[in-house]
Amino acid sequence: MRYITPDDRNQLQANIVCLDDLIEDNNMVRVIDFFVDNLDLVFHGFTKSKPKRKGRKPYNPKDMLKLYLYGYLNKIDSSRKLEAESKRNIEVKWLLGNLTPDFKTIADFRKDNRDKLKEVFKEFTFILKNAKLLDFELTAIDGSLFSAVNHNAKNYSKSKLKKLMDKLDKQIDSYLNSLSSMDNTEFNRKIDLSEKLSKLKEEQRKYQFLLERMKETGESQISLTDPDSKMMHKPKSKTDVSYNVQTAVDSKHKLISEFEVTNDCNDAKQLSNISGKVMETHNLDSLRVVADSGYFSGEELAKSQEMNVETFVPEKKNDRSDRKGIFSSRHFKYDKENDVYICPLGKELPYSSTDKKYGSRVYGNTGVCRGCENLVNCASKSSSCRRIYRSQYADIVEKQKIINKKNRDIIESRKMIVEHPFGTIKSAMGIDRFLTKGLESVNGEFSIIALAFNFKRAFNILGFNGLMEAIQSYYSAQKQDKSLIISFFLKIMHFFRFLEKIKASKVILKILPMKAELNFSHRLFAGLRGQYVFHPTQNFF
């Protein structure tokens, strides 16, 4: 039949090629290689970045980092799969120079350098900032759940443990009744039931131990495989043992500027935390942040305001009153001059007390609501009047509502900014769960994930040449800064050597006048500022 004919596998070939000839000139692996080679892993504190003089030679941590970055860019995140790729993938062979590390070595690199990987992510964001791909005009913050290495069956809450213990109690009682009703002729069956009974009692002791541990620690749930992970609610009423990944995404090109993996079950306490991390990492004096209603919290808004963060966070649509089918607190207007709340019927609810636990001011009393026809639609069945709780952050919340009304377009743009990275990571890159255990480890793992996303996004925006130039430009500037620092320290060393010569001459020290001493101090500080160059032949005084 007429098909394109393949080469004979047994035919000897005399084609002599090098690995570099097999890789295209504009292949992304060349950018990965160039970026990692420019990193100072000794400065970042990577393990084995300073190899020992004796003993077996280790793999260069730069090679391991190249392998991981390539892997996450190509949907290969398992250490065993990366080992396989190093033996068959031409691009990986080129990247590692034909090295074939085993899966344990690959996995150990990620485990041993989990806290250092975040620094590599940050350094790449500095490259993006230097290339003007990040402008921090508007930053969107959002969280997404990534599954943990912990099966749902290995996660226990207090209610789940009590149900399991009740079930065990019934089973144990059933076995005990069966044992007591048996006679001596059923000896073999007695032994079988006794063994089952001992296993149930052992399981009961295990559950009792977990309950006691939860009481001691005050935790609401326990995960056995990965203790840091927690059961969290996902969309469509699903629950899964997960981690909550918080990201800050820059609006210009939808690049991740900062992140943190947490085990908080919601986003309520993350607004000021993530905003602060962005400002600290990128040395910003102010920041404009947009987030969804899950971040709406008076306390968080107040903290953000103190940090000079301008927030655009919509109010939560439903509160407890809406769920109970009664008038929401939104229907009550606050009169600041008289310090009262006006109910929907126009009645005034005066201040009555202060909540000791939360510090909120409580408004309303029985006298105002007595005999009201709408009391059924206003207060719960067990309450004789409607009470409104005014938070200490109420003024800040009301200001935020005004800001939101004026900036609807910014709030609506949030989804287009922040959903882009999570969509790409979960769908295009195929990463929706962690392979490591513990908060520190999953933060290290997400450092590679976020770096891979930013790398891929920057490559698509700038192209091969553009990204290579951006990396080259950043590190050229870094080298210039390093040379200036070295020259500064050389000046200081030169000065101290000269100072030793002065100390050696006791005569000079004895006759040193006050005027010369002042002149000496002035020139010392001028030298430290780089305004004066010390020279041993100079008349310093």
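The values are calculated or read from the model by the stated rules, or taken from the named source; none is laboratory data. Please read these numbers as outputs of a predicted model, since none were measured by experiment. Note that each Cβ is placed from the backbone with ideal geometry, even for glycine, and that neighbours are counted across all protein chains shown.
Among the conditions (1) over 15 Å from the mean Cα position of the chain (by Cα); (2) over 21 Å from LYS116 (Cα atoms), LEU435 misses just one, which is (2). Being closer than 29 Å to SER272 by Cβ, of a type outside the set (S, T, N, Q) and part of a helix (DSSP H, G or I) narrows it down to one residue among LYS167, LYS129, LYS162; which is it? Answer to the check: LYS129. Looking across region 213-268, the residues that are in contact (Cβ under 8 Å) with a residue 60 or more places away in the chain, in a loop (DSSP other than H, G, I, E, B) and among the basic types (Lys, Arg) come down to LYS252, LYS254. Restricting attention to region 140-154, does a residue exist that is under 19 Å from the mean Cα position of the chain (by Cα), among the β-branched types (Val, Ile, Thr) and farther than 25 Å from LYS415 by Cβ? Checking region 140-154: at least one residue is under 19 Å from the mean Cα position of the chain (by Cα), among the β-branched types (Val, Ile, Thr) and farther than 25 Å from LYS415 by Cβ. Scanning region 357-366 for residues that are in contact with a Cys (Cβ under 8 Å, 6 or more places away or on another chain) and modelled with pLDDT under 80 yields ASN365, THR366.
Taken over region 404-426, the criterion of being out of contact with any strand residue (DSSP E or B) (no Cβ under 6 Å at 6 or more places or on another chain) and surrounded by 15 or more Cβ atoms within 10 Å (Cβ to Cβ) is satisfied by ASN404, SER413, GLU419, HIS420, THR424, ILE425. A count restricted to region 427-444 and to residues that are out of contact with any strand residue (DSSP E or B) (no Cβ under 8 Å at 6 or more places or on another chain) and of a type in the set (D, E, K, R) stands at 2.
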